[in-house]
Amino acid sequence: MFTRESPSNGPNSPKVVGFYEKVTGSVQYICIDEATKKCAVIDTVLDFDPAHARTSTSSAQTALDYIEANGLTLEWILDTHPHADHLMASAWLKEQTGVQTAIGEKTRDIAKLWAEYYNLPDAFDPERDFDHLFADGDTFKIGNLDVRVMLSPGHTLGSITYIVGDAAFVHDTFMYPDSGTSRADFPGGSSKDLWDSLQAILALPDDTRLYIGHDYPPVGDREDPAWEATVAEHKANNKHLSGGVTETEYRKVRDERDATLSLPTQMMYALQVNLRGGRLLPPEDDGRQYFKIPANYF
């Protein structure tokens, strides 16, 4: 698995380790307080093979192996939103470690939307399946590091950003500067909300390191995935936002681009798992677990 480490820049600045999961282009993170050796994992991946409807845990195990090898103590299992392009490993990680899980409080609203799409009115209960549902402005700690939660809707209506000193985990808002920004056409998404979220993130100090949720390296431009750039670098070089682009101009580009995109391969599988904190639907009377996929709907 392709891995990069970004060192701490001093007090209240975390060390950040990113692991790139190639199948879905996802980046899972470990955010580390080097003073206390305590850490959080963010947006971990439960591997999934759609052809066989089979899950595995090698990507999430990579994060646990790193934590053990470096003598770290896991304090939080964090997600930024219920992902559409990969299954989340939060429930499995909690089973292995007993550590608390968290996501944004507006996951409740996302759950209501998808309960209708799946016709599963009783399947999703974020209060049950996550230990904490963070609101905009909530604060907590990773070791001695102060963390602030910022609501960042647009990609979904309930996405949140975790700001940890000079690092911000901005999920599916920005892409790497040479790729621009993330899509906003999923149910509950909005290019208007995404624009507002992008501007709020760009209002952070220029030296803030932004850690994105996915990378799909542009063909012919670079070979290796990348996921870290500062606010200043995005202001200067982001493909969709630099050069004084207006909200109207941005939204036109974003909406036109989104209209050409197919749904992610794992989306119909992923949401029914992720809205249960990373748990498959309960076993049926034969003891097996099943996915439910709406036909001719999207």
With a Förster distance of 30 angstrom and the Cβ-Cβ distance between GLU284 and GLU116, calculated FRET efficiency to the nearest 0.05 equals 0.90
Dipole check, the chain, charges on Cβ (K,R +1; D,E -1), about Cα centroid: among ALA200, GLY18, PHE2 the Cα furthest to the positive pole belongs to ALA200
Region 230-294 and region 23-49 have their Cα centres apart by a whole-number Å value of 18
Measuring from its Cα centre, the chain shows a charge dipole (+1 at each Lys and Arg Cβ, -1 at each Asp and Glu Cβ) which, in debye to the nearest 20, is 120
So, with points 7 Å from each Cα along the Cβ direction, the ASN12-GLU223 label distance in nm works out to 4.1
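Can you tell me the order of 48-61, 201-214, 171-184 when each peptide is scored by its average per-residue count of other Cβ atoms within 10 angstrom, highest first?
Numbers: 48-61: 13.9, 201-214: 18.5, 171-184: 23.3.
Answer by packing, highest mean first, reads 171-184, 201-214, 48-61.
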Once normalised by the length of region 193-264, the mean sequence separation of its alpha carbon contacts under 8 Å that are 6 or more apart gives a contact order in percent of 27
By the C-alpha gyration tensor axes a ≥ b ≥ c (rounded if a/c is under 1.5, else prolate when a/b exceeds b/c, else oblate), the shape of region 122-197 is oblate
On the accessible surface of region 217-285, probed at 1.4 Å with all protein chains in place, carbon and sulfur together account for a percent value of 47
Ignoring GluC sites (Glu not before Pro) buried by more than 13 other Cβ within 10 Å or outside DSSP loops, the longest site-free run in the chain is 1-222
Heavy-atom accessible area per residue of the chain, all protein chains kept, 1.4 Å probe, expressed in Å², is 43
Partner lysines whose C-alpha sits under 24 Å from that of LYS38, ignoring same-chain residues fewer than 8 away, are LYS15, LYS94, LYS141
In debye to the nearest 20, the charge dipole size for region 15-138, taken about the Cα centre with +1 at each Lys and Arg Cβ and -1 at each Asp and Glu Cβ, equals 240
Straight-line reach check, LYS292, cutoff 18 Å on alpha carbons, 8 or more apart in-chain or any other chain, hits among lysines -> LYS112
For the chain, averaging the sequence separation of alpha carbon pairs under 8 Å that lie six or more residues apart and dividing by its residue count, the contact order in percent is 17
Under the 7 Å Cα-to-Cβ spin-label approximation, SER56 and TYR297 lie apart by a distance in nanometres of 2.9
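The values are calculated or read from the model by the stated rules, or taken from the named source; none is laboratory data. Since we're looking at a predicted model, the values are computed, not measured. Cβ atoms come from the backbone with ideal geometry, glycine included; neighbour counts cover every protein chain shown. Surface accessibility is based on the protein's heavy atoms, side chains included, excluding ligands, DNA and RNA. Shrake-Rupley method; radii C 1.70, N 1.55, O 1.52, S 1.80 Å.
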